[in-house]
Every structure is written in C-alpha cells, then in structure tokens.
Amino acid sequence: MTSEVISPSLIPTLPGHTYVDEDIFRAEQEEIFEKMWFCAVLSADLTKPGSYKTVQVGRESVLINRTRKGEVRAFFNICRHRGVKLCMEEAGVVGRAFQCPYHAWTYDFEGKLIAAPNLTKMPDIDRQEYGLVKIAVREYMGYVWVCLADEPPSFEADVIGAIEERLGDLRAIEGYDIAHLSLGRRIRYDVKANWKLIIENFMECYHCATIHPELTEVLPEFADGLAAQFFVGHGAEFGEDIKGFTVDGSEGLERITGIDDEQDRRYYAITIKPTVFVNLVPDHVIIHRMFPMAADHTIVECDWLYLPSVVDSGKDLTASVELFDRVNRQDFDACERCQPSMGSRIYAKGGVLVPSEHHIAVFHDWVTSRISAAGSPASH
Amino acid sequence: MTSEVISPSLIPTLPGHTYVDEDIFRAEQEEIFEKMWFCAVLSADLTKPGSYKTVQVGRESVLINRTRKGEVRAFFNICRHRGVKLCMEEAGVVGRAFQCPYHAWTYDFEGKLIAAPNLTKMPDIDRQEYGLVKIAVREYMGYVWVCLADEPPSFEADVIGAIEERLGDLRAIEGYDIAHLSLGRRIRYDVKANWKLIIENFMECYHCATIHPELTEVLPEFADGLAAQFFVGHGAEFGEDIKGFTVDGSEGLERITGIDDEQDRRYYAITIKPTVFVNLVPDHVIIHRMFPMAADHTIVECDWLYLPSVVDSGKDLTASVELFDRVNRQDFDACERCQPSMGSRIYAKGGVLVPSEHHIAVFHDWVTSRISAAGSPASH
Amino acid sequence: MTSEVISPSLIPTLPGHTYVDEDIFRAEQEEIFEKMWFCAVLSADLTKPGSYKTVQVGRESVLINRTRKGEVRAFFNICRHRGVKLCMEEAGVVGRAFQCPYHAWTYDFEGKLIAAPNLTKMPDIDRQEYGLVKIAVREYMGYVWVCLADEPPSFEADVIGAIEERLGDLRAIEGYDIAHLSLGRRIRYDVKANWKLIIENFMECYHCATIHPELTEVLPEFADGLAAQFFVGHGAEFGEDIKGFTVDGSEGLERITGIDDEQDRRYYAITIKPTVFVNLVPDHVIIHRMFPMAADHTIVECDWLYLPSVVDSGKDLTASVELFDRVNRQDFDACERCQPSMGSRIYAKGGVLVPSEHHIAVFHDWVTSRISAAGSPASH
C-alpha cells in the first residue's frame, strides 16, 4: 500500500513500530538511557550537604546528593536490606544520613552503611559492600550527569564531543559560562509521544514556518525551512527589527558577559544525545532534559538560565521565557499528533524525510545500531 | 469441572477466552473489521464539500470526506510525510484542502498532494504516489461503507446479500427508502463487553421476556423467547392494543410512505456482519453501528431515522426513541454482565445455546473460520 | 553490581522479579490461591438463608451463600447458560433462589437448576449437571473457607496444622472461641504491593522499633527486633504500665471468657498461609484476610472481633481498634515503599534477611517450591 520505490529526494524514517513497541523501548532503556551519560539534575538544585534529588534514569530511580565536602554522589535509590525506595520525594534535604524508614538501615552521604539495628551483632557485614550501590557521576555545564553503566563511556567523547561537533570549537560555548548562570524559570512538559519524535522535531526546521510564528519572526532565516542552524558553527541571526530573543522581539535581559560579538544577536542549538537540547542566545541559555517514561510518554524539563544578577534582581522574565515556552508547546503538540499513527499499517515502513531533514537519518542509524547491537528487532 | 457430554438440546458457545484474549481480538481486527465492508458514517453527516468525519476501523483511523463533486472519499487519516494524524476531531469542515498542521503538506479532497514547503524543489515527488492512502468506499442505504482490504470482497454478496437472506426479497427493504430518511436522534453507547456478545444478544430473543418488558408489550410474540423474528421474511406483529412502536404503545410518527400494508404494524430485524443491526418499523428505521475498540470494549452508535417531514416538523420523538433506547441499555447491561466471566476456568469451553439460540452457532462458526483461516488459535 | 558473596549473617530474599512479574503472579494464583484453602468470608456475615457474599479467589469470582438448613455453599459466580456473572454486589440477600438477570435461569441455594424459560421442553437437561459449579467449603473459626481445587488438600494439615505449629497446642487458641466472637470493626486496606511483601512484613519484628512506636510501647520486647513472637507458643508480654491492648495502653474491653491466665496480658500472632494472619490478645482477636489482585496490588480486610456482650453494649472500641489500624497502615506503607524497587537491576537477586528474619526464608522456599512444581520460572 505504501510505495516500494522512494523518490530520490526522500529518505525513509524509522519504521512506525519502533515508536510504539514496548520491547523496542525496553531495548532503548537498556542500551541507551542506562548505558550513556544522562543529564540528571541542575547542580545548583543541590544547594548544600544533605540536599538530594531523585530522578528516573531508564527504568531505575536514582538518588543524587551533595556530600559534606560539597561533591555530588549518585546511587540506586534502594535500601540494600529489603529494597525500600529510600527517598520518595523528588527533592529534599536530610541532616546527617539517609535512613531507611522500614528497618532504619542508615547510609552516609558517600553511601556507606553506618548504622542498622543489631548491626554490631553482625560483624561480618562489610559496610562498604552493603552500602548504597554507586552510580558514576560527573558535573558539567552546571548539571549533574550520571551513567548507570558498569563501565561508563567517555564523557569527553559523547557529551563534550557532541558540543564540539556542533559548534566547531568548544570555546564557542565557554563564553556562556553556563555553570555560573542561575535558574530563572523551569517548566515541566508531559508529552504523550515517543522520545525519538521529540529529538527529530528538534533536529529540523522544516516545520518552523508552519508552527512557530513567533520564532520565525525573531529568526527570519528559520522561515525557509532549511534548518540552517545545523551547519557547523552556524548561529541563526536575529531579524533586523528584533531587539531580543523574546516572544515579541522586545529587549531581552542583560547580555551574558563572556560571549563574543559574533555570538550576539544569534541563536545556536545543540543536541546532546540521548536526551539533552541546549539553546544559546545572548542573554540566556535554555536546557531541555528529557525523561523517557514509556514508548508513548516522555517528560521534558526545560530550564531557562540567566546571569545571576538578572535572576537576583527579580526582573520580569515573562517575554523572554514565553518565546521558547510557546515553541515547546507547538513542538510537543506536533509530536503528540504523530504518535497515534505510528502503529498504522501504512506507517509500517515509516514516513519520509525531505532533503532539509536528511540529517535526521543519521540519528535514526545511530538508534538502530545501538539497539540492534543488543539483538533487538528494530531495523531501518 | 464443566460437563464433557452436552445435552442434545444444547450447543456449546465459543470458548470463553475468545472474548477476552487480545490476540484473538487482534486477529478479528485483521481478518474481519479491516477486511470486510464496514459501515462507517451516515452519508448525510457529510453535508457539503469539505465536510469530513473520522472513525476508527479496526486499528486504523479513517478520514472520510465529501468532494467538490459531492462524492465521498476515504483515506487513512495520516500525513504521508512524517505521520501526523491529519484530522483530530471526529467531524469538521475544511475550506479547500487538508493541510497537515506540522509541515503543511496539503492534500485535496481526492487525496492528491497539492502543496508542501519547497515541493517545487523536489520535482521527483509524484503527487499521486505521495497523496493520502485511499480506502475503498461505497454509499448504500444512506451510509458510507469503507473497506480497508487491498482487494475488497463483493459488497453485493456480503452486505446486500445479508439483507436479502434475512428478508427473502430486497424489495422488502426498498420501500423504507432508508437513504432518504432523516436523522431524528443519535445515541452513543460505551459498552464494556466484547463485540461478539453484542451480536449474540441481538440474534436471539430468548432473553426478551426477562429483560425487555416494554418491547414484549409492543411485540407479544417476543415473550415466548422463540426469536420468531429470524424466520426468513418474518416480521413480529404489534400487539392488538398497540398503536405504534413506542415505549408505551402510543401512536408513533408518520408512516414511511413506501412500505406496503404487510409491513405495517410489524418489526423486522436484520444483522449485517460484522457490525451492523437494522431494525425496521412502520414509522422509523433504527441503525446500529458497532466500533469494537478492545476485546472488552465496544462503542455502539445508534441512529433513529424518520421521514424528513417528521424531523423537520420538530415533532416530539421521545416516546419513539425511548423504546429502543431502553432495549439497548437492557441488552448492553446484560452483555457487560457476561464479560467478566469469559476468562473463568469454568467457561473455558464456553456456555451453552438452547434450541431457540441454535442459529448463533452459525455466527460462531463464521467467526472461527474467518480468524482460523489466518492461523489464529481460536477454535470452537 | 550486587555482591556475589553474601555475609554469613545474611540470607538472600526471593529475586526481585518474583514480586513484579505477572507470569509469576499467575502461577501463584494457579498453584496457591486457587489450590489451597482460602479464608473467604466471615460466617456471621451470612446471617440467614439466602444471604450471600461474593469474593475474588485467585482469578475467579466466588458466590457463597447460606442455605435453608443454615449451611454454607460456595459456587463459581457464573450462570451455566451464557456466562453471566450472577451476583454483581459484594453482599446481598435473595428470597428463594438465584435468578440470572439475562435469561432467567434459576438456581436454588444448593446450586441446582430449578427453572428456566422453556426448560420443560428440554427434558434432557440434567438439573444437577447444569447447576452452578460447586466449590469445596468449610466453616472454621467463624469464617467460611473455600478451596477451588478439584481435590482439596487436607484442611486439618494446612489450616489447623499451621495454628498448632505456631502455638504448640491447639488448646491455646480454643479458649478464644473465635467462632462465637462478634465483629466490632472491619477495615479494608488497598495496598499497592505484592502479597508476599505483606506476609514477610507480618513475619518479622525487626522493623517494629522503627515503624511501630505505639505497638512497641505496649509490647516492649518487640523493640529489640528479635521477632520473639515466633518462638513456638510464645506470646509477647504487655509492658508493666500497660493496662490493655490499646493505642495508648489504656484499659481494653472485657476479657474473653475462655482464655487462661497464662494468655492474659499477652499477644500471639499466627500466619496461616497463604493469606491469613491471626492476632490474639486478651480482649479481642484480629483477623486479616488478604485478597491478592495483581502482582502489585493486594486488598486486605481486617476484622476486629470481641465478645458479643462487648459489641452489643455499644462500648467505644476506638482506642482498641486504633492500635492495630495504625500498625496496619505503618506496615502497608512500608510494603508499598518496597514494591517500586522490585524490578530494579540491583534487586535482581533480591535483598537480604538479617538473622532475626531468617525464618522468612522458609516462606520463600515454600512459595518457590509451590510454583516451580508447576514449571514456573521463579527460582531462589
């Protein structure tokens, strides 16, 4: 029923079932989210020793906390005794230790078992061995990244390399000094769509003219649908009458100190696989973290980061935040309208990518190779 | 635990698991709803060019619209580019074309791709080839019937033949001129039961005395439970004191012009497999369309059709509609009380049909043969 | 990631997947709940002939009623004709018989088919053969126990034997004369946890000091976490200042007449596999019945039973009931905090039991042997 011969202009997408099949999704959890570096929480959210956050990474609940030395540690959020989920809240602060509410097994901020009823009568229990199970952790760009793999891949290659590949030069991002920006706004989106649809959406601008009127007003070159932002190092230029990256083109906030003039009045977008998008504009940085929950359900947390002086001043961020908040809602709505068709028999071989979307095929090949290496049935 | 030897009076039903097993239901979707002619929408609901309705047929969303020439067309409700569900609403009207809200691919009412951003730069794209995927369509008896099969079966044999087989003569239905009746009332029922339970219920009147007091009052011969309405050509006669087919036996509406005197004061019922029931009475016609959604969930839409003069006059239809609305609720309630037992081990071999229900076994054999031809595990 | 070598003090629990896997749960339904004696309803709830209750046992709905002779009978709650669920309510009273609401097949209190439309015209239908399908039933300790097995196991060995094994001597429970106590309060708990977690919780007191402040106040020996109550015949002694088994240690109700002085001021706990807990204190008896609904969902009904004179007098039972109601809520909350971790990869081999929990391993071995005998994949 679908055409066997595809026009030379077009490239097929992934088969539809890869967006709905729970077995494929489980393979993605195992081979992608639970094996790669995963951007988990904003470092600044762990304000002091004992501060913790819990996040779902793949199928696991991960507990991330700050130690007395100010470092971050990550653990499986599970008591070693009978399996209680140690911290139920998304965030909190504990005084001295994590104590299991069931039998009071108690762990310090390094995860070591430091107390339990009758523990002294069980001297053979090694307190490191029965400590919380550690997860690799790394702070970068103001975020805590974790990796559930026994042998984590190279952070430099996978995370930093993705930025370098996109911008051509790491110095291009260093000026934004993201680690020292402050959180101005955070919005959480509950998206009823597969995570790959969200990435694909972020990777092309063929849709911009249709669904993003505010964004194409600010960035006129987006209106031609050529996804110009994906040329190495290229940043889309603001329109002539545009004063700032705001919903109405009005003046933005204070320019980030370290960027160079070349970066002023430009928008840069970076995808760090598997779940992070970074948007750079002169006065703020927007970071998306995706949390894939099911084949048809993804939570996206989006942070708007500004100079601390801007956030501290209490300035009105509404026009600034509203631009990308609208873009997000427009994008996620589109993704949610794709999801119901993924199981159709006419989508069994997928849809098609037009020339300005061809680079998405590279992402498709990457997903396919990651999960087919594991013997999963997804194929292009 | 259940008896191995069945009394000669009795015939076993389908095994219980065929009413709950999602694999069986998927086979029924593939082999029955997605391969047979399926009564989708009332033609009159597509009032003008650009009017459309969307319905679920099997596992697919189908978009049905009226063209500028006044004809009807049906398509898979999916954009050929990236798979967006084109129309989200159940019904609507578009001005000139169907435009995808994601990347603006645009299709005319015949499904042809007529526009897309940068389409002129992709001259190798065949606009028919990348048009909406067509579905076979047919108007009959005032309804639009669709068939998702690549090679649709004979409409004459399957649909018209079912009516002829029941009534003995097609002329018996022609007098009702259903295509020119008007919709007086539509009620949608959400039934938590397998579609086969609903058909079985409609096919026998052994339950009438127990659950349909109003109906047996109007049609006294239904009280003996012999399902007399299923003799070829037989119509159940109204009771002596009954003035019309109404909840209290009061006068009905204006008699349909074309019926003959033999058909006056009689009720005829027809089952058109897989999902349609037709009820004929002197002053109106009742059409049920089933939409099987899951093994244990069926939506039923029921239309009450009258002479246009009756509907246009604004006459009170309450007593007329209420009779079969009550019958429907009584029936669906019974079906919903069967559903929970279907998975029980004592229903593993099914229940039993009494002599006046024996004809249901023909339906059972038909279902079994349709899905077992496809290698499905259901067996009688 | 988890330790391969376990400290000698510790014993592993069941693997985590046995608490979440629906296949394991189905095996438990088949091999445990549908084959063992199952404590279904309080006998006194069937107050008179025609009184009935419906309960879910494993995957089946069971109808239990009292006959004209005052005996109890249990049946699959399914009409033999077309499978209707006969009684939809949890409890009720019928006058003379159970009549199916669909086709009026009618069964007496012994389950015999006594009437149906046109039944006299089907003389070959054996009214016993087509009666309701019987389930083994037994009254004991004031409760109706049912067994869905074709050949029920020994009630004496499995139920009475469990009590004898725990108390050392059946006479120890006879004095409480539970069958003649009256229901003072019933509370139903909806627990989002696997039934085995609830049993394990009931079997150990290592958690008591942490989560049961009120209980350890009344029973000080529970504070040391040694689960002293599981020594054969041992009852935990009330604290010196404690006047009764109440939430604040205040005076309880009238002492049960038949207990001996040894049993006064003591608490005894008994687990009757698979789903019953019995707690004995001087003035009342607490009976828990579990109804496992899914791998992660268990309903627990808890009855507080007192001398009839206490219940009849209308005395305030609040302080008495509140003690174990709090204990229940504290316990079930702990179980619900274990459930989410059961699928984690670090719980793949389970957690560990400390020495005072070692006896839980006997329960684990028992579950494993029951379902692995049936070829199920759970292994220790």
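The values are calculated or read from the model by the stated rules, or taken from the named source; none is laboratory data. Since this is a predicted model, take the numbers as computed values, not measurements. Every residue, glycine among them, receives a Cβ derived from its backbone with ideal geometry; neighbour counts consider all protein chains shown.
For residue C:361, the conditions (1) aliphatic (A, V, I, L, M); (2) out of contact with any helix residue (DSSP H, G or I) (no Cβ under 6 Å at 6 or more places or on another chain); (3) within 12 Å of another protein chain (Cβ to nearest Cβ) all hold with the exception of (3). Can you find a residue in region C:267-289 that is among the hydrophobic types (A, V, I, L, M, F, W, C) and over 30 Å from residue C:193 (Cβ atoms)? No - not one qualifying residue is present in region C:267-289. For residue C:51, the stated conditions do not hold, so it cannot be described as at pLDDT 95 or above, of a type in the set (S, T, N, Q), within 17 Å of the chain's Cα centre (by Cα) and not assigned by TED's automatic domain parsing to the domain that holds residue C:295. With respect to (1) over 24 Å from residue A:44 (Cα atoms); (2) in contact with a strand residue (DSSP E or B) (Cβ under 9 Å, 6 or more places away or on another chain), the lone exception for residue A:138 is condition (1). Looking at C:327, C:278, just one residue is touching a residue at least 40 places away in the same chain (Cβ under 8 Å), buried (at least 22 other Cβ atoms within 10 Å of the Cβ) and touching a helix residue (DSSP H, G or I) at 6+ places or on another chain (Cβ under 9 Å), and that residue is C:278. Just name the residue that is surrounded by the most Cβ atoms within 10 Å (Cβ to Cβ) out of those in region C:16-75 that are charged (D, E, K, R) and assigned to a helix (DSSP H, G or I). Among those that are charged (D, E, K, R) and assigned to a helix (DSSP H, G or I), it is C:28. Determine whether residue C:262 is modelled with pLDDT under 95 and either surrounded by fewer than 22 Cβ atoms within 10 Å (Cβ to Cβ) or part of a loop (DSSP other than H, G, I, E, B) (or both). So residue C:262 passes the test.
Considering each residue of region C:28-42 in turn, none proves to be assigned by TED's automatic domain parsing to the domain that holds residue C:137 and over 30 Å from residue C:200 (Cα atoms).
Would you confirm, using the coordinates I've provided, whether residue A:330 is farther than 23 Å from residue A:21 by Cβ, in a helix (DSSP H, G or I) and either within 14 Å of another protein chain (Cβ to nearest Cβ) or of a type in the set (Val, Ile, Thr) (or both)?
yes
Taking the conditions exactly as written (away from every other protein chain (no Cβ under 11 Å) and farther than 30 Å from residue C:96 by Cβ), does residue C:145 satisfy them or not? Spell out how you get there, then give the answer.
On the way: away from every other protein chain (no Cβ under 11 Å): yes; farther than 30 Å from residue C:96 by Cβ: no.
Judged against the criteria, residue C:145 is not a match.
Between C:319, C:294, the distinction of being within 22 Å of residue C:90 (Cβ to Cβ) and small (Gly, Ala, Ser) belongs to C:294 only.
Evaluating residue B:294 against the criteria (1) out of contact with any helix residue (DSSP H, G or I) (no Cβ under 7 Å at 6 or more places or on another chain); (2) surrounded by fewer than 16 Cβ atoms within 10 Å (Cβ to Cβ); (3) within 30 Å of residue B:34 (Cβ to Cβ) leaves one unmet condition, (1).
Here residue C:119 passes the criteria (1) surrounded by 17 or more Cβ atoms within 10 Å (Cβ to Cβ); (2) closer than 19 Å to residue C:52 by Cα except the one numbered (2).
Checking the conditions here, which among C:69, C:35, C:85, C:48 is under 28 Å from residue C:178 (Cα atoms), charged (D, E, K, R) and without any contact (Cβ under 8 Å) to a residue 40 or more places away in the chain? It would help to see each step written out before you state the result.
On the way: C:35 fails: without any contact (Cβ under 8 Å) to a residue 40 or more places away in the chain; C:85 fails: under 28 Å from residue C:178 (Cα atoms); C:48 fails: without any contact (Cβ under 8 Å) to a residue 40 or more places away in the chain.
When all the criteria are applied, what remains is C:69.
Give B:252, B:175, B:244 a once-over and let me know the one that is in the same structural domain as residue B:323 (by TED's automatic domain parsing), of a type in the set (Gly, Ala, Ser), under 22 Å from residue B:305 (Cβ atoms) and touching a Phe, Trp or Tyr at 6+ places or on another chain (Cβ under 7 Å).
Details: B:175 fails: touching a Phe, Trp or Tyr at 6+ places or on another chain (Cβ under 7 Å); B:244 fails: touching a Phe, Trp or Tyr at 6+ places or on another chain (Cβ under 7 Å).
Only one candidate passes the filter, namely B:252.
Looking at region B:76-93, which of the residues that are assigned to a loop (DSSP other than H, G, I, E, B), within 9 Å of another protein chain (Cβ to nearest Cβ) and not β-branched (Val, Ile, Thr) is farthest from residue A:16 (Cα to Cα)? Reasoning before the result, please.
Looking only at region B:76-93, we keep the residues that are assigned to a loop (DSSP other than H, G, I, E, B), and these are B:77, B:79-84, B:86-90.
Checking which are within 9 Å of another protein chain (Cβ to nearest Cβ) leaves us with B:77, B:79-84, B:86, B:88.
From what's left, not β-branched (Val, Ile, Thr): B:77, B:79-83, B:86, B:88.
On the way: B:77: 15, B:79: 13, B:80: 12, B:81: 12, B:82: 10, B:83: 9, B:86: 16, B:88: 19 Å.
Once the filter is applied, the top-ranked residue is B:88.
If the requirement is being farther than 29 Å from residue A:117 by Cα and more than 23 Å from the chain's Cα centre (by Cα), which of these qualifies: C:352, C:310? When all the criteria are applied, what remains is C:310.
Limited to region C:94-110, what total is found for residues that are within 12 Å of another protein chain (Cβ to nearest Cβ) and touching a strand residue (DSSP E or B) at 6+ places or on another chain (Cβ under 8 Å)? Write out each step before concluding.
Step one: list which residues in region C:94-110 are within 12 Å of another protein chain (Cβ to nearest Cβ), which gives C:99-106.
When the remaining residues are screened for being touching a strand residue (DSSP E or B) at 6+ places or on another chain (Cβ under 8 Å), the result is C:99-100, C:104-106.
Matching residues across region C:94-110 total 5.
Quick check: anything in region B:339-354 of a type in the set (D, E, K, R), within 14 Å of chain C (Cβ to nearest Cβ) and in contact with a Pro (Cβ under 8 Å, 6 or more places away or on another chain)? Yes - at least one qualifying residue is present in region B:339-354. Scanning region C:177-228 for residues that are surrounded by 21 or more Cβ atoms within 10 Å (Cβ to Cβ) and at positive phi yields C:225, C:227.
One line per residue, one yes/no per condition, for (1) modelled with pLDDT of 95 or more; (2) in a loop (DSSP other than H, G, I, E, B):
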position: A:186; (1), (2): yes, no
position: A:189; (1), (2): yes, no
position: A:193; (1), (2): yes, yes
position: A:196; (1), (2): yes, no
position: A:201; (1), (2): yes, no
position: A:205; (1), (2): no, yes
position: A:214; (1), (2): yes, no
position: A:217; (1), (2): yes, no
position: A:221; (1), (2): no, no
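Outside the structural domain of residue B:341 (by TED's automatic domain parsing) and farther than 30 Å from residue A:222 by Cα: does that describe residue B:72? Spelling it out, residue B:72 is indeed outside the structural domain of residue B:341 (by TED's automatic domain parsing) and farther than 30 Å from residue A:222 by Cα. The number of residues in region B:314-324 that are surrounded by 15 or more Cβ atoms within 10 Å (Cβ to Cβ) and either of a type in the set (Asp, Glu) or in contact with a Ser or Thr (Cβ under 7 Å, 6 or more places away or on another chain) (or both) comes to 4.
Examine region B:153-169 for a residue that is within 14 Å of chain A (Cβ to nearest Cβ) and over 30 Å from residue B:316 (Cα atoms), and state whether such a residue exists.
Taking region B:153-169 as the starting set, the residues that turn out to be within 14 Å of chain A (Cβ to nearest Cβ) are none.
No; the residues of region B:153-169 include none that is within 14 Å of chain A (Cβ to nearest Cβ) and over 30 Å from residue B:316 (Cα atoms).
Search region C:366-377 for residues that are under 12 Å from residue C:15 (Cβ atoms) and pair each with any residue that is at pLDDT below 70 and surrounded by fewer than 13 Cβ atoms within 10 Å (Cβ to Cβ) when their beta-carbon atoms are under 8 Å apart and the residues are at least 6 apart or on different chains. Close Cβ pairs (under 8 Å, with a partner that is at pLDDT below 70 and surrounded by fewer than 13 Cβ atoms within 10 Å (Cβ to Cβ)) amount to C:368/C:379. Of the residues making up region B:105-162, just one is touching a helix residue (DSSP H, G or I) at 6+ places or on another chain (Cβ under 9 Å), at pLDDT below 95 and not in a loop (DSSP other than H, G, I, E, B), namely B:121. Across region A:113-150, the number of residues qualifying as touching a Ser or Thr at 6+ places or on another chain (Cβ under 7 Å), β-branched (Val, Ile, Thr) and touching a residue at least 60 places away in the same chain (Cβ under 8 Å) comes to 1.
Quick one: count up the residues across region C:317-359 that are of a type in the set (Ser, Thr, Tyr) and in contact with a strand residue (DSSP E or B) (Cβ under 8 Å, 6 or more places away or on another chain).
Taking region C:317-359 as the starting set, the residues that turn out to be of a type in the set (Ser, Thr, Tyr) are C:318, C:320, C:341, C:344, C:347, C:356.
This time we only want the ones that are in contact with a strand residue (DSSP E or B) (Cβ under 8 Å, 6 or more places away or on another chain), so: C:320, C:341, C:344, C:347.
Total meeting the criteria: 4.
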